[in-house]
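The values are calculated or read from the model by the stated rules, or taken from the named source; none is laboratory data. Bear in mind that the values here come from a model prediction, so they are computed numbers and not experimental data. Cβ placement follows ideal geometry from the backbone for every residue including glycine, while neighbour counts extend to all protein chains displayed.
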Amino acid sequence: MVSYTIAELVEDLRRIQATVSDELEILHQVRPLALKAVQAKDCWLTEKLYGASEEQGFGVHMLHEEPDHSLAVMAIAWLPGRGAAPHDHGTWAVVAGVDGPERNDFYKRVDDGTQTGYAELRKVGQNVYSEGDVVAMPSGMIHGVWNDGDSVSVSLHIYGKHINHTARSKYDLESNTASPFIVSLES
Ligand SMILES: [Fe+2]
């Protein structure tokens, strides 16, 4: 069994943050660490991390956050048949499947971004991520997440900054609107 604790992951993330400035290079270096953390899930994955709120459709569990909100590591549990509307992160993001498949729909913004609260998206891709699959997203990338399965799924999320502190947006495909996306945290 691979041994790799969240504390060890955070140490590696801090080293990358301190030495790398190019975002694509950060993603390139964080990706294998996310996979290693999944392979070592016995070190950190507890039953509690499967908890999710009915109201939100998913449960956000903080595993680490720096005092300035950078380097946020979260486990997110997704209820069956639920998900998150298309959104960006306002920072780079690396997400690794831990337990159960999660469908990701990817979107591109096609309006010019000049009208406050208005956004037109076009779907540009779709992929299903299961245990050990990693998706690395630069700032500005838009995706929606859905659990099409019949049991709770869990994924590991690593962000350059806590997503409630990046002024990011979620998007409504019906009304072509953009609005702030703040998530509730599990206690
Ligand atoms: Fe996301």
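The residues of segment 130-158 that are over 15 Å from LYS41 (Cβ atoms) and either aromatic (Phe, Trp, Tyr) or without any contact (Cβ under 8 Å) to a residue 60 or more places away in the chain (or both), listed by number, are VAL135, GLY140, MET141, ILE142, HIS143, TRP146.
Where in segment 131-187 are there strands (runs of 3 or more DSSP E), lying wholly inside it, with at least 3 residues that are buried (at least 16 other Cβ atoms within 10 Å of the Cβ)? If you could, list the steps in order and put the result at the bottom.
Working: elements: 134-137, 142-146, 153-161, 169-172, 177-180.
Passing ranges, in order: 134-137, 142-146, 153-161, 169-172.
Highlighted here are the strands (runs of 3 or more DSSP E) found entirely within segment 25-112 that include at least 1 residues which are among the hydroxyl-bearing types (Ser, Thr, Tyr): 70-78, 102-109.
Only one entry in GLY113, GLY97 is at pLDDT below 95 and either small (Gly, Ala, Ser) or within 14 Å of the ligand (Cβ to nearest atom) (or both), namely GLY113. Among PRO80, PRO67, which is the only one that is away from the ligand (no atom under 16 Å from the Cβ) and without any contact (Cβ under 8 Å) to a residue 40 or more places away in the chain? The conditions single out PRO67. The residue that is farthest from the ligand (Cβ to nearest atom), among those in segment 116-129 that are over 20 Å from ALA93 (Cβ atoms) and without any contact (Cβ under 8 Å) to a residue 40 or more places away in the chain, is THR116.
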